[in-house]
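Working notes, beginning with the structure itself.
The values are calculated or read from the model by the stated rules, or taken from the named source; none is laboratory data. Source: prediction; values computed, not measured. For neighbour counting, all protein chains shown are included, and Cβ atoms are generated from backbone atoms with ideal geometry for every residue, glycine included. To get the accessible areas, we keep the full protein, side chains included, count just its heavy atoms, and leave off ligands, DNA and RNA. Shrake-Rupley method; radii C 1.70, N 1.55, O 1.52, S 1.80 Å.
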Amino acid sequence: MNDAHLDDARVAAYLDGELPEPAVEEVERHVEACGPCRRELEELADLSDRLDVAVEGVQPPAELLDARIHGKTAGSNRGDYLRAAVFFLLLLVGGTAAADAALPGSPVRDWLGAALRDVAGLLSSGNNLPARRGMALPAGDGAVEVRVTGAPPGATVRVQLTAGDQVDVSAPGGTYVTDPGLIEIRRPAAGEIRVQIPRTLFSVRVTLNGRLLVERAADTLRIPAPATDDEPPDLLFPAGGGPS
Amino acid sequence: MSTAAERAFRQHRAALLRYVYRLTGDAEEAEDVAQETFLRLLESDAPAEKTWGWFCTVATNLVRDRNSKRKRRRRLLSRFYRRSLPRRPDKVMEHREALTQLREALYGLPTRDRALLLLRAEGFRYREIAEILEIAPNSVGPLVGRALRKLRRGLAGGGADGRGES
């Protein structure tokens, strides 16, 4: 009369509707009387639901679905990296963060040198650069976050303000994960990650390896991370040394 | 003959790419596996009659073979993902963090467990999952239960435990 506690098999089978009716009744009878098993069942049911949502958010980049199945995706984009190297100028964007960064002995000078070396290395290596892939997110009326994680040294994030109505992100290599209001790029290759943000977007933040690069809320624009300015309104941020 | 095969492949192509992408976390690998699956389709009898389950079977086996050949260490996600700033007391942000951690935990599982959970998410029944993964039908339940518990442990532990591909 005392039904056995629920094991892995019965919990799963019950959640997935794989149990025959008599067994279902047994499980429900037991769970009515047994607090720990009821909590276990509820927890795993909740986890299972959240897993469905989490999986749903893992979507392939658009290029993967568009690419012809008999061809390979596009090869290197040397032109992009060349441009990044040629237009390396010191930051003149405005705001106290930028002013502080430009002072002698500031971190800006140190990593500027390192960033130039990285890009120079990238151009001279002559290797086949990984294909660029992109993802777009309609801006909607909510907040948008672009999150880059696991970016190696030699990766840079270029933030551009555009006239469009969607957030466009493209990167060499990497994995994309999306959620409402979020694009995440994981482990891009070294190279330029481009983030294009509509000017009209009310609330946006861009992070790189856990570091906040740009945050805009209403009419306040914060640029806490040191950057070089290409040509306004571009902002270029390097990933810095060491894996995240 | 090849037109029918192409039609069959086109029908499942997007879903196949999505499944393999979710399984491996790698777009290039997803494309390679999809291409190889198409070749297998061409080489098979009655290509036009292959079910979605058949595609998943072939693709899952291809991924497993590639894993065991390369003995690749898990490189999908950074296990040291750092939070950017003190969290906003914002429901949306909390929700995103939770989903991110759950995905981290998912990609911390061995491939077989992840395939199991992804096939389950695709809506396959246990009997079908058993066929695709070539395991005994009555072992699916215990494996699913165990995989969910591993996932929960992965979450509680604050991230993946660095186990390699199996």
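Laid out as a table, the results:
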read-out	value
Within the accessible area of region B:1-68 (1.4 Å probe), percent carbon and sulfur	47
Computed FRET value (nearest 0.05) for A:S203 with B:D45, which takes r as the C-beta separation and R₀ as 45 Å	0.20
Coil-residue chymotrypsin sites (Phe, Trp or Tyr not before Pro) of region B:30-70, DSSP, other Cβ within 10 Å capped at 12	none
Förster radius 30 Å - calculated FRET efficiency between A:A136 and B:R127, Cβ distance, rounded to 0.05	0.15
In the A-B interface, the accessible area buried, summed over both sides, Å² (probe 1.4 Å)	5000
Region A:1-66 - percent of accessible surface contributed by carbon and sulfur, probe 1.4 Å	50
